[in-house]
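Trainee: Structure in C-alpha cells, see below.
Nothing in this text is a laboratory measurement; each read-out follows from the coordinates by a stated rule. Being a predicted model, the structure only gives us computed values, none of them experimental. Quick reminder, even Gly has a Cβ in these numbers, built from the backbone with ideal geometry, and neighbours come from all protein chains shown.
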Amino acid sequence: MPRPAIAAVPVDDAALVAQAIDGSERAFAALYKRHARYVAGVVYRILGRDDELDDILQEAFIDASHALEGLREPGDFRAWLVRITIRRVHKRLGKRRLMRRLAAAMEWIAPRVESPAAEGEARALYHALDKLSPKLRIPWVLHVIEGETLPDVAKACDVSLATVKRRIAEAEASLGGGSHGS
C-alpha cells in the first residue's frame with residue numbers, strides 16, 4: 001500500500017512565512033524550530049541568566065504570530081523576530097529596574113526581626129505559608145499578621161464573612177493549629 005505524500009517543509013523563511021500567514025501551524029512550527037535556539041541564545045546573552053528565558057521566548061513567538069501579516073520582508077524573519085524579542089527583553093529589564101527601585105524605596109518599611117531566633121521563626125512561618133494556596137494565605141495573613149477584622153478581610157478578598165472564617169480556619173489547620181496568634 002503506498003504511503004500518503006507528505007508535503008515538504010519549505011527551505012526558506014519567506015515560503016514558511018507565507019504558509020504561516022495562510023494558517024499553516026506546521027509552517028509556523030518550522031519557523032519556531034529553525035529560530036528558537038538562536039533567539040534563546042540572544043536573550044540569554046543579554047540577560048545573563050536563563051530564569052526568564054522561556055517566558056520571553058514564548059511571548060516573542062506569540063507576538064510574532066499575531067504580527068506575521070505585517071512583516072514586510074518575509075525573508076528577514078529572523079531579524080524581525082529578534083527585534084520583537086529585544087522589545088520583550090527591554091520590558092523585562094525595565095520591570096527588573098522598577099522592582100529594584102521599589103525594593104530600595106520600601107526597605108525602610110520592611111519588617112525587621114530582632115534576633116536570629118526570631119528570624120528563623122519568621123523564615124519557618126513564610127516557608128509554611130508558601131505551602132498554602134493564595135485563597136487561604138491571604139485572608140490568614142491579613143487577619144492574623146496584619147490584625148485586620150474579619151469583615152475587613154472579607155471585603156478585601158471579595159468573599160463572604162463565612163468564607164473568610166472558613167479559609168482562616170483551614171489555614172490554621174494547615175499551619176498546625178492556633179499557635180500563630182489568631
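Trainee: Can you tell which of LEU93, LEU125, LEU68 shows the greatest fluctuation in a Gaussian network model of the chain with Cα springs below 10 Å?
Mentor: Of LEU93, LEU125, LEU68, the Gaussian network model singles out LEU125 as fluctuating most.
Trainee: If amide hydrogens are placed 1.01 Å from N in the peptide plane, which non-local residues have theirs closer than 5 Å to the one on GLU148?
Mentor: HIS143
Trainee: To continue, here is another question. Can you work out ³J(HN,Hα) from phi for every residue in region 134-145, in order, using Karplus 6.51 cos²θ - 1.76 cosθ + 1.60 and θ = phi - 60°, giving whole Hz and x for Gly and Pro?
Mentor: x, 5, 9, 5, 4, x, 4, 4, 4, 7, 7, 7
Trainee: Next question, about the same structure. Using a Gaussian network model of the chain whose springs link C-alpha atoms within less than 10 Å, name the residue from LYS131, LYS95, LYS33 with the highest mean-square fluctuation.
Mentor: LYS131
Trainee: Per-residue HN-Hα couplings for region 20-25, Karplus 6.51 cos²θ - 1.76 cosθ + 1.60 at θ = phi - 60°, whole Hz, x for Gly and Pro?
Mentor: Calculated HN-Hα couplings, in order: 5, 4, 6, x, 7, 5 Hz.
Trainee: Pop out the ³J(HN,Hα) list for region 32-45 in order, Karplus 6.51 cos²θ - 1.76 cosθ + 1.60 with θ = phi - 60°, rounded to Hz; leave Gly and Pro as x.
Mentor: Working through the residues one at a time gives 4, 4, 6, 10, 4, 5, 4, 5, 4, x, 4, 4, 4, 5 Hz.
Trainee: Just need the relative contact order of the chain here, percent rounded to a whole number, with Cα pairs under 8 Å and 6+ apart.
Mentor: Details: 113 pairs, mean separation 27.1, N = 182.
15 percent.
Trainee: Pop the C-beta distance of GLU121 and ALA162 into the FRET formula with R0 = 41 Å and round what comes out to the nearest 0.05.
Mentor: 0.85
Trainee: Once the Cβ-Cβ distance between ARG34 and ARG101 is put in as r, and R0 is 41 Å, what FRET efficiency do you end up with, to the nearest 0.05?
Mentor: 0.60
Trainee: Among ALA105, ALA79, ALA117, which one shows the highest mean-square fluctuation when the chain is modelled as a Gaussian network with alpha-carbon springs under 10 Å?
Mentor: So, out of ALA105, ALA79, ALA117, the one fluctuating most is ALA117.
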